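Derivation of every value follows stated rules applied to the coordinates shown; laboratory data play no part. Only a predicted model underlies this, so the values are computations on that prediction, with no experimental measurement involved. Ideal geometry is used to build each Cβ from the backbone, glycine not excepted, and the neighbour counts take in all protein chains shown.
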Amino acid sequence: NAGVTQTPKFQVLKTGQSMTLQCAQDMNHNSMYWYRQDPGMGLRLIYYSASEGTTDKGEVPNGYNVSRLNKREFSLRLESAAPSQTSVYFCASTSVWNTEAFFGQGTRLTVV
Amino acid sequence: AQRVTQPEKLLSVFKGAPVELKCNYSYSGSPELFWYVQYSRQRLQLLLRHISRESIKGFTADLNKGETSFHLKKPFAQEEDSAMYYCALGGSQGNLIFGKGTKLSVKP
């Protein structure tokens with residue numbers, strides 16, 4: 001059982017480049033999330049999707065876009081990367097009946 | 001506002017000593033609260049949640065609605081408990097709100 005899978009695991013971007021972080025879950029969960037983790041800041045919610053077809057902004061949405069492609073997949077796009085977006089990004093999912101979150105292994109992104 | 005506060009960035013104890021990681025929350029309804037743990041360079045995983053009232057790896061947490069707290073406790077810390085601990089609140093919009101985390105360091 002794979003759970004939540006994120007790709008890529010590591011990425012280095014130049015300022016201004018774009019990229020998409022992929023996330024897929026195989027647990028038939030309704031809700032999916034993107035967080036960024038920074039030292040001293042904990043986990044901050046970027047965007048979330050409470051159910052297929054809906055997305056909502058979290059605490060730090062600026063500079064990001066998301067797509068809930070289907071129930072399994074939730075992608076995060078950086079249109080024009082900035083050094084401030086250097087972070088570790090985690091995708092997570094929860095069932096509507098059980099708000100225990102299952103996390104991916106993270107994507108370590110560096111923007112130079 | 002829905003908010004989770006973990007006042008300690010770092011907590012350092014000796015092996016065998018008691019541990020208490022503090023968590024306070026702000027939520028107008030009936031809260032769902034969780035503790036997550038992240039071992040070095042691993043993904044976050046659920047440690048425990050208040051509705052289950054169980055003990056995992058010797059850790060317990062009691063919801064105190066009067067004090068709006070959900071502190072995590074363990075009577076005798078082990079070196080393998082060293083990790084980052086996050087308190088989390090199930091938000092009203094189907095989101096999860098995390099505190100900033102407490103790094104627990106257990107010294108031999």
With a 10 Å Cβ neighbour count serving as the proxy for reagent exposure, in which order, fewest first, do B:TRP35, A:TRP34 appear? B:TRP35, A:TRP34
Part-to-part distance (alpha-carbon centres) for segment B:1-66 and segment A:7-84, which is given in Å: 25 Å
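Below 8 Å between Cα atoms, with a sequence gap of 6+, how large is the relative contact order for chain B in percent?
38 percent
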Among A:SER49, A:SER84, A:SER93, which one shows the highest mean-square fluctuation when chain A is modelled as a Gaussian network with alpha-carbon springs under 10 Å? A:SER84
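Grab the Cα-Cα distance for B:ILE56 and B:ARG3, subtract it from 0.36 nm times how many residues apart they are, and report the gain in nm with one decimal.
Here the answer is 16.6 nm.
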What residue among A:PHE102, A:PHE74, A:PHE90 shows peak mean-square fluctuation when chain A is described by a Gaussian network model with Cα springs under 10 Å? A:PHE102
Lys, Arg +1 and Asp, Glu -1 on Cβ, resulting dipole of chain B about Cα centre, debye, nearest 20: 240 debye
Loop only per DSSP, at most 12 neighbouring Cβ atoms within 10 Å: give me the GluC sites (Glu not before Pro) in segment A:14-112, ordered by residue number. A:GLU79
